[in-house]
1. Considering the zone a paramagnetic label at LYS79 would reach in this model (a point 7 Å from Cα along the Cα-to-Cβ line), which residues of segment 120-160 have amide N under 12 Å from it?
2. What pairs in LYS79/LYS113; LYS79/LYS108; LYS51/LYS80; LYS60/LYS108 have C-alpha atoms more than 25 Å from each other?
3. Report, by chain and number, residues whose modeled amide H sits under 5 Å from the one on PHE92, excluding near sequence neighbours (fewer than 5 apart, same chain).
4. For the chain, the longest stretch holding no trypsin sites (Lys or Arg not before Pro) located in a DSSP loop with at most 12 other Cβ atoms within 10 Å is which?
5. Around ASN146, which amide H atoms from residues at least 5 apart in sequence, or from another chain, sit under 5 Å from its own amide H, with H modelled in the peptide plane?
6. Considering only the other residues whose Cβ falls under 9 Å of the Cβ of GLN124, what net charge follows from Lys and Arg at +1 and Asp and Glu at -1?
7. Kyte-Doolittle mean at least 0.0 and Cα extent at least 15 Å along the axis: which DSSP H helices of the chain qualify?
8. Which cross-chain or sequence-distant (5 or more) residues have an amide H under 5 Å from the amide H of LEU139, H modelled 1.01 Å from N in plane?
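Each reported figure results from applying straightforward, stated rules to the coordinates on display, with no laboratory input. Note that the structure is predicted; figures quoted are calculated from it, not measured. FYI the Cβ positions are ideal-geometry reconstructions off the backbone, even for glycines, and counts take in every protein chain you see.
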Amino acid sequence: MLLILFLVVFINQSNSQTKNNFNEINKVWYEFYQAFDSLDYQVMAKIHSKKLIRISGGKKIVDYETYINSYKTRFKNAKKDNTTNGISLRFFERINNDSIANERGIYKFIKNKDEHNEQIYYGQFHVILIKENGGWKILMDYDSNNEGTIGEKDYNEAYHINEYNKFIIE
């Protein structure tokens, strides 16, 4: 009987995709958006684990310091060039429990939105978040545009950040 009770509790903890988890994880994503909007690398530093593994385009692996320093330079140059950046995410997979989350989807990056030189880029992302010191942090971040095959159609077919009810398993 005790073993059955333990298994029920364990299963419930391991499959605890709750509205609260999604709301907490979404706060990380909103800060991610804010970092791009404000060109503030310190926001990027805050939402990533110092144990970060960043895999860019399926071609390069970097650590936390390298990744954050690249954003420090990137955002500084964007400010200097009077360039705007914006990013949004849509999801096709969101799995979490109370300590780890797996998020996959499509991003849309807009440079110089609504300007004559506007550029739009799409790609696929795969992010692992962990609970560190009571808050969610990005531990692993992989992205790729799959050699230019990811586009607006893929983005529109994925779910909006607040459509997490599609991912809650009851």
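1. Those under the cut-off are none; the list is empty.
2. The pairs that break the limit, which is 25 Å between Cα atoms, are LYS51/LYS80.
3. ARG104, GLY105, ILE106, TYR159
4. The longest uninterrupted stretch comes out as 1-58.
5. Distant-sequence amide H within range of ASN146: GLN124.
6. -1
7. 2-14
8. Result for LEU139 returns SER49, ILE128, LEU129, ILE130.
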